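Peer 1: Provided herewith is a single structure, encoded as structure tokens, for subsequent inquiry.
The values are calculated or read from the model by the stated rules, or taken from the named source; none is laboratory data. Because the structure is a prediction, the values reported are computed rather than measured. All Cβ positions, even for glycine, are placed from backbone atoms using ideal geometry, and neighbour counts span all protein chains on display.
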Amino acid sequence: MLNQLSKTDKMVRQDKETLKRAKKVLNVRKDKDFVEYEEYLYLYKKYKKALNQAYNIFEISDTYQDKLIKTKETLKNKIEEKNKIEKKLNQKIEELKNTQENLKNKNKELEELSTRDQLTGLYNRREFEKVIKKEWRYAIRELEPISLIMMDIDNFKPYNDNYGHLAGDHCLQKISKCMMKSLKRPRDFVARYGGEEFVAILPETGIKGAKVTAERLRKKIYNLKIPHKYSNVEEYITISLGIATTKEPDLFLFEELLDEADQALYKAKETGKNKIEIKQMDF
């Protein structure tokens, strides 16, 4: 831009000098040859007019070039500012995504915590009630059998009283972990029903399958070899189990099956403990 201005200024100075010399020549010609003078005067005026137009063009060109440079500079600054804003916005969006993902994970954790028993890690009674309703509807719709197993730790009160509540908690945790490992199928479900009582849902399972699962649970708990010298059954911790099963879920309410499983458990406790009692519910 500076080089362009210096060239224009130089041309202007040169043209002004040329016009001065032409004016002097015209003054000389005026006295000698009027006709020739008029011709040169016409050419002089025309040349001067053309120069003035050229100067105007140069001036306008310089003005627009200044504006163009300023506009380009402003545009460049705007683009840089826009890029900075976009970068910050992308960072904020990424932070927001991370926050949303963290919140989603936290919500999952909270939801999972709300469905679990804090001590044992098993599902809690509220989750059991939710799952049994869902499985009951499925059993009715698909005409599939369904079984429940109610389980209770034998002589757990004397265990707690003599070994202490901390030992009692450890006992519950070991038994719960064993129960989770003993249920083989993905939809088999076990929950802590309350205190030392547990319940298992066995979808698509009849009396034979339920009995096999219950016996596996009973043996695995006994094989933990948790000492219990205050038991009137065995020298180790044992459980009693009550099974209720039906091939006709559409004829009953799940509460009826649960009540029958509870009564079967009560019978197992009353008739010696460390055993299984079964109730088949069919018309």
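Peer 1: Could you tell me which of the residues LYS70, LYS87, LYS48, LYS106 is surrounded by 10 or more Cβ atoms within 10 Å (Cβ to Cβ), at pLDDT 85 or above and either part of a helix (DSSP H, G or I) or of a type in the set (Ser, Thr, Tyr) (or both)?
Peer 2: Details: LYS70 fails: at pLDDT 85 or above; LYS48 fails: at pLDDT 85 or above; LYS106 fails: at pLDDT 85 or above.
Checking each option against the conditions leaves just LYS87.
Peer 1: How about the range 159-181: which of its residues are touching a residue at least 60 places away in the same chain (Cβ under 8 Å) and under 38 Å from the mean Cα position of the chain (by Cα)?
Peer 2: Listed by number, the residues that qualify are CYS171, ILE175.
Peer 1: Condition (residue is under 24 Å from GLN280 (Cα atoms) and part of a helix (DSSP H, G or I)) applied to the range 171-194: is it met by at least one residue?
Peer 2: Yes, there is a match, as at least one residue in the range 171-194 is under 24 Å from GLN280 (Cα atoms) and part of a helix (DSSP H, G or I).
Peer 1: If SER240 meets every condition in (1) surrounded by 18 or more Cβ atoms within 10 Å (Cβ to Cβ); (2) small (Gly, Ala, Ser); (3) closer than 30 Å to GLU142 by Cα; (4) in contact with a Lys or Arg (Cβ under 7 Å, 6 or more places away or on another chain) apart from one, which number is that one?
Peer 2: Just one mismatch for SER240, condition (3).
Peer 1: May I pose another question? Test ILE140 against the criterion of being β-branched (Val, Ile, Thr), in contact (Cβ under 8 Å) with a residue 60 or more places away in the chain and not in a helix (DSSP H, G or I), and give yes or no.
Peer 2: Details: β-branched (Val, Ile, Thr): yes; in contact (Cβ under 8 Å) with a residue 60 or more places away in the chain: yes; not in a helix (DSSP H, G or I): no.
So ILE140 does not fit the description; no.
Peer 1: If you go through the range 109-121 one residue at a time, how many are modelled with pLDDT of 80 or more and either within 12 Å of the chain's Cα centre (by Cα) or surrounded by fewer than 11 Cβ atoms within 10 Å (Cβ to Cβ) (or both)?
Peer 2: We begin by selecting, within the range 109-121, every residue modelled with pLDDT of 80 or more; these are 114-121.
Applying the additional criterion that residues be either within 12 Å of the chain's Cα centre (by Cα) or surrounded by fewer than 11 Cβ atoms within 10 Å (Cβ to Cβ) (or both) yields 114, 118.
Number satisfying all stated conditions: 2.
Peer 1: Can you give me the number of residues within the range 241-255 that are touching a Ser or Thr at 6+ places or on another chain (Cβ under 9 Å) and either assigned to a helix (DSSP H, G or I) or of a type outside the set (A, V, I, L, M, F, W, C) (or both)? Steps first, answer last, please.
Peer 2: Narrowing the range 241-255 to residues touching a Ser or Thr at 6+ places or on another chain (Cβ under 9 Å): 243-246, 252.
Those still in the list that are either assigned to a helix (DSSP H, G or I) or of a type outside the set (A, V, I, L, M, F, W, C) (or both) too: 245-246.
Residues meeting the conditions: 2.
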